[in-house]
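The values are calculated or read from the model by the stated rules, or taken from the named source; none is laboratory data. All values derive from a computational prediction rather than experimental measurement. Every residue, glycine as well, gets a Cβ built from its backbone with ideal geometry; the counts of neighbours run over all protein chains shown.
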Amino acid sequence: MDILRYICDLKPKYDFDMKKFFLFLLTTVLLASCGMMYHNADDIMNDMRDAKHAQYFNVGSGLLGIGRILSPTLAEASLGITSVQVLDLSKCSPSVREKFRKRVQNLYKDKSYEVIVANQSEYDTKTALVRRDGQFAKEIVLANAGGANDIMVLIFGHINLENLEKIVNDQSNYHIK
């Protein structure tokens with residue numbers, strides 16, 4: 001009997017406050033939803049590559065290494081590139097393509113990217129973005145969202161932008177300034 005009285009008189013070690021718990025839960029949900037608003041290009045690529053009729057290609061460092069051996073031009077151009085990912089949504093449904101266009105347009109809000117080229121209209125977005133680490137690029141995003149093609153190319157690595165500029169200006173009619 002004394003044991004029963006002793007157990008009934010015990011107070012909990014932790015005082016549970018429902019208001020604090022609800023506030024913590026609400027704050028967690030709000031922070032999670034705010035974090036999901038802005039996605040980087042890699043998130044877009046990972047989310048959209050599983051869409052029906054999407055075509056996704058990944059050229060890893062092994063295949064790039066073979067290409068460097070076979071082509072001297074590629075060896076110079078791909079110096080520092082670790083992988084290239086390509087996503088083609090041109091055969092997907094209009095709703096998937098519209099979602100892709102909106103997400104590409106939201107990349108402009110991500111402050112970690114620097115816009116190199118941007119041509120944006122109501123229905124068409126062509127863009128080139130770079131995520132820099134000093135004079136090197138960690139990530140280059142090329143996207144064409146709208147019109148007949150919805151394509152995104154992601155280039156990852158430690159790419160010297162001065163060398164890339166020199167190669168592009170020598171090998172094409174386009175000039176990077």
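Kindly provide the set of residues from the stretch 94-123 that are exposed (fewer than 13 other Cβ atoms within 10 Å of the Cβ) and over 25 Å from HIS158 (Cβ atoms), ordered by number.
PRO94, SER95, LYS102, LYS109, ASN119, SER121, GLU122, TYR123
Among all residue pairs at least 6 apart or on different chains, which show Cβ distances below 8 Å where the first residue, located in the stretch 149-166, is under 21 Å from ALA118 (Cβ atoms) and of a type outside the set (A, V, I, L, M, F, W, C) and the second is loosely packed, with under 14 Cβ neighbours inside 10 Å and modelled with pLDDT under 80?
none
In the stretch 23-77, which helices (runs of 4 or more DSSP H) lie fully inside it and hold 1 or more residues that are modelled with pLDDT under 80 and in contact with a helix residue (DSSP H, G or I) (Cβ under 9 Å, 6 or more places away or on another chain)?
In the stretch 23-77, 61-70, 72-77 are the helices (runs of 4 or more DSSP H) which contain 1 or more residues that are modelled with pLDDT under 80 and in contact with a helix residue (DSSP H, G or I) (Cβ under 9 Å, 6 or more places away or on another chain).
Can you tell me which residue among ILE159, ILE155 is over 20 Å from ALA51 (Cβ atoms) and modelled with pLDDT under 85?
On the way: ILE155 fails: modelled with pLDDT under 85.
Going through ILE159, ILE155 in turn, the sole match is ILE159.
Quick one: ARG103 ticks every box in (1) at pLDDT 80 or above; (2) part of a strand (DSSP E or B); (3) closer than 16 Å to ILE44 by Cα except a single one, so which number is it?
(2)
Considering GLN105, GLN135, which residue is without any contact (Cβ under 8 Å) to a residue 40 or more places away in the chain and either aliphatic (A, V, I, L, M) or in contact with a strand residue (DSSP E or B) (Cβ under 9 Å, 6 or more places away or on another chain) (or both)?
Result: GLN135 is the single residue among GLN105, GLN135 that is without any contact (Cβ under 8 Å) to a residue 40 or more places away in the chain and either aliphatic (A, V, I, L, M) or in contact with a strand residue (DSSP E or B) (Cβ under 9 Å, 6 or more places away or on another chain) (or both).
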